[in-house]
Ligand code: HDD
């Protein structure tokens, strides 16, 4: 008698087939899953009696070649990997939906932007551009922000980035850029880092990269979370309405949790402690029901008015300042479901900026035009043939009907003898698609000029928007940009490259260039030397704005502490009542409080009760948290102050600008670390930004919670006293 459960022959493929056509992407994704209740089978559906032992000639004999079960299993295993993406290899994906706030019918006929009642399923993949599949999440880099909308009119892909501009103006330079950025070919180092000679050699020779370099060297290159990151379509696209009017647009994604970054030192430490930091953050937030949200924004420029912008809208190294053309928020996206299987979904998803729907069209941006070739081409290799649109994650939710047939991994079984169009044999009705009134129509923008392999002279302004970006940053943001350039260029062993780069920076801002150059062991920046080099262009166009607050992350902080992680440092003898109340208030405001101690289990409170410890100092260092709470209790404070792990935790949090709140005796921990000045008459005092010394008695009236929340919502306190002197 078989010990296997009775076989269930109605697998989910047939139930999916019975489901009526629907927008529910989940049904489609289930189509090829196998049911666990059927027991183990081979890929041919044969039940396995033994999945532990190979077939041998006798118990001690050699393994037999005829063991088709072993061969099938090992052969499949040996082919489990596919080529990683040549860029943006490391990514994290999630499902969700998009809903417009209002009908955009005035501007576009795109079906998914018409009805605020209609939710369109989406799949989003965030990625790091430079690193390989297994690289750390927190490296300095631009992040990919690719959204697939499964609309009723077909799939629309918005394949953008976390920065609104790109390094280069023409797709011809993309392979060079990526070759320079990726590990150097002779020894394949460094991984996931632009801090090496080939990148800066290339970047210093193409001044058009300067604007994007300002972004990547800023804190934007170190997002705190994918959930706290802006997204941009980068290129100009076009909305087309039913009257065939065209409007240039730029897409934006604005995160509801504000825009926040890691500190550089923190990012590097996290890369070792928790290389999956951003991936885990996204996964855990969705699992916990804290669904990340973004608003979709558009900057709309009427066709014919683009010349009034003051720069070329087709140049992808330029952004449209928000103070010049405001961003209209037109809908929201919520990510509410994690993938079932990383490989099937996140790895096999295939985006393409050429996946358009009626109502949206490209522009002539030469970088975008090159992308239109590249994405399908790369999927042919990566996903092994032309049928990757049939992989569940890539399928559209609306019916597909055409006469493409065959190809590697074809899954549809197309019936009948007709594989051509026009025909009358298929359905008895002549099907002619040419000239159909409905369906995708390319906007009929006139093209009629001599062929040319030249860069538009209007693309020759390489610096004015880099200067705009620099001018728009706060003092601490500027400090971080300077520090990042210094770090990266210090890793470049060729002084001439360092020199070339700071000479270029002198065209952004001389003070910036001098600050970067000072510790690099090279000459002072020389703008004239830069201007004399081949490829150098500085045909500045007077910008309409000289600063734009939207370019600084400070203006994007937000006010919420939702999903922020607070470490509560505990040891035996901790004073619990005020701690409990603060944890209650913070949790009610959406934060996640975790008790960190020296060992798992529990600690005893002053009143003899027990508090369960969530994490140890060894496993959850300060870099894994946004804020710290040091409760009262003489004994616990003494223990914490006597242990290097706890002292380091607090020092490091201080150095990384995190909010620290200490209650009663907990102050001593801070005072012994030398953060405080002498004066503290009220006990509640803010000696340096984001450090709150509070009287536990005042916790009950809610004031301490409010102060703590307000300080955490500011994210980081970069202008902190003495932080350079703190050893962490
Ligand atoms: Fe690209 C992947 C974004 C320029 C060629 N790109 C890729 C992904 C994102 C972007 C988010 C990952 C998609 C995913 O998650 O699967 N790429 C951009 C942006 C660009 C850009 C915002 C400029 C504004 N890309 C660009 C150019 C080319 C490519 C100019 C080639 C001429 N990109 C690719 C690619 C990739 C890719 C090689 C690698 C894997 C893939 O496409 O599917 O085709």
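The values are calculated or read from the model by the stated rules, or taken from the named source; none is laboratory data. Because the structure is a prediction, the values reported are computed rather than measured. Every residue, glycine among them, receives a Cβ derived from its backbone with ideal geometry; neighbour counts consider all protein chains shown.
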Check: Hey, residue 317 hits all of (1) more than 16 Å from the ligand (Cβ to nearest atom); (2) part of a loop (DSSP other than H, G, I, E, B); (3) in contact with a helix residue (DSSP H, G or I) (Cβ under 7 Å, 6 or more places away or on another chain) but one; which does it fall short on?
Finding: (1)
Next item on the list: Can you tell me which residue within segment 125-134, out of those that are part of a loop (DSSP other than H, G, I, E, B), touching a helix residue (DSSP H, G or I) at 6+ places or on another chain (Cβ under 9 Å) and more than 8 Å from the ligand (Cβ to nearest atom), is nearest to residue 97 (Cα to Cα)?
Entry: 133
Check: Of the conditions (1) touching a helix residue (DSSP H, G or I) at 6+ places or on another chain (Cβ under 8 Å); (2) within 25 Å of residue 315 (Cα to Cα); (3) not in a helix (DSSP H, G or I), residue 461 fails just one. Which one is it?
Finding: (1)
Margin query: From the list 29, 3, 65, 48, exactly one residue is loosely packed, with under 14 Cβ neighbours inside 10 Å, modelled with pLDDT under 60 and either farther than 27 Å from residue 398 by Cβ or touching a helix residue (DSSP H, G or I) at 6+ places or on another chain (Cβ under 8 Å) (or both). Which is it?
Written below: 3
Checklist line | In segment 138-197, the residues that are in a helix (DSSP H, G or I), more than 21 Å from the chain's Cα centre (by Cα) and more than 9 Å from the ligand (Cβ to nearest atom) | finding: 176, 179, 180, 197
Next item on the list: Could you please give the count of residues in segment 507-539 that are within 24 Å of residue 472 (Cβ to Cβ), exposed (fewer than 15 other Cβ atoms within 10 Å of the Cβ) and at pLDDT below 95?
Entry: 1
Notebook entry, point to check: Which condition breaks for residue 612 when tested against (1) in contact with a helix residue (DSSP H, G or I) (Cβ under 9 Å, 6 or more places away or on another chain); (2) outside any loop (DSSP other than H, G, I, E, B)?
Noted result: (1)
Note to self: Show the residue pairs meeting these rules: Cβ distance below 8 Å; 6+ apart or different chains; first residue within segment 578-594 and on the phi > 0 side of the Ramachandran plot; second residue surrounded by 20 or more Cβ atoms within 10 Å (Cβ to Cβ).
What the structure shows: 590/561; 590/564
Note to self: Test of understanding: among 372, 380, 356, which residue is under 25 Å from residue 238 (Cα atoms) and within 12 Å of the ligand (Cβ to nearest atom)?
What the structure shows: 372
Checklist line | Filtered residues of segment 68-124 (kept if in a loop (DSSP other than H, G, I, E, B) and within 16 Å of the ligand (Cβ to nearest atom)) | finding: 81, 82, 83, 84, 85, 86, 87, 88, 89
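Yes/no matrix, rows are residues, columns are (1) under 30 Å from residue 382 (Cβ atoms); (2) touching a strand residue (DSSP E or B) at 6+ places or on another chain (Cβ under 9 Å):
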position	(1), (2)
312	no, no
333	yes, yes
344	yes, no
351	yes, yes
Next item on the list: Could you name every one of the helices (runs of 4 or more DSSP H) located completely within segment 482-591 that has at least 1 residues being closer than 30 Å to residue 280 by Cα and within 30 Å of the chain's Cα centre (by Cα)?
Entry: 576-588
Next item on the list: Could you list all residues from segment 688-725 that are surrounded by fewer than 23 Cβ atoms within 10 Å (Cβ to Cβ), assigned to a loop (DSSP other than H, G, I, E, B) and in contact (Cβ under 8 Å) with a residue 12 or more places away in the chain?
Entry: 688, 689, 695, 700, 702, 714, 717, 718, 719, 720, 721, 722
Notebook entry, point to check: If you scan segment 201-229, which residues turn out to be more than 13 Å from the ligand (Cβ to nearest atom) and not in a helix (DSSP H, G or I)?
Noted result: 206, 218, 222, 223, 224, 225
